[in-house]
Every structure is written in C-alpha cells, then in structure tokens.
Amino acid sequence: MDNTNGVMPQVTVVPDSSERTYIRRKYSRAALVILLNMTIFNILGKGAIVVICALLGGGFGKDALAEGTKILMDHELASTLLSVIPPILSETASILLGIKLFDLDLKKLASNRENYSGSTVAKLIVLCFSLQFAAGILATVIQAILQAAGLRSALPNISATNSFGANIILSFYVCLLGPVLEELLYRGVLLQSMRKYNERFAIFLSALIFGLMHQNYQQFILGFLLGIPLAIVTIKYNSIIPSIFTHIFVNTSQMLMLYAMQYFAPSFYSAVQDGTNMEISSFSGSEMALILFISIVRIGFFIAGGIVGIVSLVKGGNMTRPTPAGKARAIPVLVRSLPWWIVFILYIYLSFIDPFIM
C-alpha cells in the first residue's frame, strides 16, 4: 500500500493484499494504454478502410469490398495516408493517456543527454543491425516451415510507389515519425510505468509488447529482439535519445535496402515479396552485385554486433538485479490483471492466427 505521497512506506518480500492491489492497479493502467492503441489502430483505423472500400465498391459484400480495395490501392496517395494515419493517431493518443495516468515526465527522459556518448549510440546501432539480420534469418526459417505445412501469411510490404507524395509520406513516417512515437510509447510510457517494481521484467514485457504490436510473426521477432537492448540502454542512461536514434537508423536502413532492391534488383525483390523459390540464374549481373553487397554489409554488421554484445555481457552494466521482493511484484501480480489477459489474447490472435486465415 502507499502513503499520501504515493511512496511505499515499507517493502516486504511478499506484498500484502493492499500492496498487490496497488501494483495491479498500476499494471492494469499500463494495459489500458496498450488497449487504447490496439483499439484505435484496429477498430477505428481498419474499420475506416473497410467503410471507404465499401463506398468505393458499392457495398459490403465480398465482391464489392474487393472492388473497393482495388480502387483504393490504385490511388497510391490515399492508400498510403490510410496506412499511416491510424498508427499516428493510436500511438499519440496512447502516449497522452500514459502521461496522464502515470504523471510521467517524458520531456526529461527525452532531454537527458548525460552519461552516454556518440559511441554508446553507435554500439547500440551496430548491435541492433546485427539482431535485425538474425531476425531476418529466423523469420525466413519459420516461413519455410510454415509453407511446408501449407500455411502462409502475408509478408509486411513497405515498397515505393509511383506517387512522389505517397513515397514522401511513407518515408517520413517509417524513418522518423514512427520511430519517435513508438519509442515514446514503449520505451517511454510502458517501460517507465513498470520499471519501479522490477526493471528486468519491465524490459522483457515492453520488448514483448513492442514485438506483438506489429501484428505479424516476421516483425514480432525483430521487434522483440530489438526491444530488449533499446529498453536496457534507456534504463541504463535514463534517456530515450539513444533508442530513438537507433530506431531511426534501423528503419531508415531497412527502407533504403528495400528501395534499392525494388529498383535495382526487381526480380529478387518480387521473389522475396511473393515468397516464391528464387532461381539464381534468373537474376542479372547488376542484381547479383547488389544482393552480394547487401549480404556482405549485413553479415559484417552481424559479426560486429555479436562482438559488441559479447563485450557488453563481459563488462556488465548497472542494471538492477531483481530481488526476491521485485520478483514477487512482477509476474505473480501481472497474471491477476484482467486487462493484460485481454491484451495478450488479442495480440496472439492478431499476430499468429488472423494473418493465416485472412
């Protein structure tokens, strides 16, 4: 239980019922922030797209919706706007709600530039590039296994369009605005609201939700793997700036790589997007050169990131080890929070079931 200032007067190994209620209430508020993000993105965002497609196609029937979807996709600027507006609205609303519920000072977290240097950010970027490569390999292996079992889900598609305005909007969101909003929500609101009870648990949970919010297994793997070092560095230096810069670099590099393949290695890009078997003999010399260059760069970052990760483990850090009291205030309390059960059930369905039945 807390006193009038909201500070725990005494900490025992096992929290009593009043303290469990207090912590569970805090956890439930964090879940409500995530539920708001899910609701706006999936219900309002996707619902608006369905309504627009129905209006364009002349009804809510299967054929009418298919026709409306085709008309919408042919209008690249409008379809791009409809793809970026829902996450912008959902993440902004969730951040504002989180600040209100937890009285967070995200401005301080974003302005703190002490204790870390440019080399800190550089090492984090190298490590995250390495994890990006590892996540890609793991996702490819899982995709092959699923296809062998007759299961297939749509791949995330971030590709350039024929509309200059659509490309500018998509690039601005993916490379700048999206990373900033996601860091404020997941390493800001979610991580900061839960770290006071058990830092390592807060790191794991924020990374897990960051992965799940992408709502497909390919990006879940990448989001979860990246979410762990981003959260660790945020807590270690009490600043969100390193994670923001790293997120921007990772997203920008990924988009540039996809654009390069789309324009200069179209056969390889189409094979990747369609999930079809790749015949090396069908690729031109310039395509093979680009593929080889990208592969060498990614392998180089993978090796360098592995070295950075090993050195970081050997040197250790100033992360607070979870005490028995901290452990008793993490999972045992969270599992009694109904809003978090709703979050996990919905995200499991949206990430690992819905993509295979659409």
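Assorted remarks:
- Answer residue from the range 67-79, given it is among the charged types (D, E, K, R) and free of Cβ contacts under 8 Å to residues at least 40 places away in the same chain and is surrounded by the fewest Cβ atoms within 10 Å (Cβ to Cβ) among those: D74
- Test result for T80, of a type in the set (S, T, Y), over 28 Å from P339 (Cβ atoms) and assigned to a helix (DSSP H, G or I): yes
- Taking the range 80-98 as the range and being within 18 Å of F210 (Cβ to Cβ) and either without any contact (Cβ under 8 Å) to a residue 60 or more places away in the chain or basic (K, R) (or both) as the test, the residues that pass are P86, S90, A93.
- Positions within the range 138-174 being surrounded by 14 or more Cβ atoms within 10 Å (Cβ to Cβ), of a type outside the set (S, T, N, Q) and closer than 15 Å to I85 by Cα, in sequence order: A166, I169, L170, Y173, V174
- Taking each residue of the range 106-127 that is assigned to a loop (DSSP other than H, G, I, E, B) and looking for partners that are at pLDDT 85 or above with beta-carbon atoms closer than 7 Å, six or more apart or interchain, yields N112/N238; N112/S239; R113/S239; R113/I241; N115/Y237; Y116/Y237; Y116/S239; Y116/P242.
- Top-ranked residue of the range 305-332 - restricted to ones that are in contact with a Lys or Arg (Cβ under 7 Å, 6 or more places away or on another chain) and aliphatic (A, V, I, L, M), ranked as modelled with the lowest pLDDT: M319
- Test: T21 is of a type in the set (V, I, T), out of contact with any Ser or Thr (no Cβ under 8 Å at 6 or more places or on another chain) and over 27 Å from A160 (Cβ atoms): yes
Okay, residues lined up against (1) touching a helix residue (DSSP H, G or I) at 6+ places or on another chain (Cβ under 6 Å); (2) touching a residue at least 24 places away in the same chain (Cβ under 8 Å); (3) at positive phi; (4) crowded, with 17+ Cβ neighbours inside 10 Å:
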{"position": "H214", "(1), (2), (3), (4)": "yes, yes, no, yes"}
{"position": "V233", "(1), (2), (3), (4)": "yes, yes, no, yes"}
{"position": "P242", "(1), (2), (3), (4)": "yes, yes, no, yes"}
{"position": "H247", "(1), (2), (3), (4)": "yes, yes, no, yes"}
{"position": "V250", "(1), (2), (3), (4)": "yes, yes, no, yes"}
{"position": "Q254", "(1), (2), (3), (4)": "no, yes, no, yes"}
{"position": "S270", "(1), (2), (3), (4)": "no, no, no, no"}
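- For the range 90-131, a residue qualifies if it is within 30 Å of I303 (Cβ to Cβ) and among the hydrophobic types (A, V, I, L, M, F, W, C), and the qualifying residues are V121, A122, L124, I125, V126, L127, C128, F129, L131.
- All told, A134 falls short of being over 19 Å from the mean Cα position of the chain (by Cα), assigned to a helix (DSSP H, G or I) and either farther than 19 Å from M213 by Cα or at pLDDT below 90 (or both).
- Residue in the range 44-66 that is surrounded by the most Cβ atoms within 10 Å (Cβ to Cβ), counting only those that are farther than 26 Å from V174 by Cβ and in contact (Cβ under 8 Å) with a residue 12 or more places away in the chain: G57
- Some residue of the range 149-166 being part of a helix (DSSP H, G or I), on the phi < 0 side of the Ramachandran plot and in contact with a helix residue (DSSP H, G or I) (Cβ under 7 Å, 6 or more places away or on another chain): yes
The values are calculated or read from the model by the stated rules, or taken from the named source; none is laboratory data. As the structure is a computational prediction, the values presented were derived from the model and not from experiment. Neighbour counts are summed over all protein chains in view; Cβ atoms, including those assigned to glycine, are modelled from backbone coordinates with ideal geometry.
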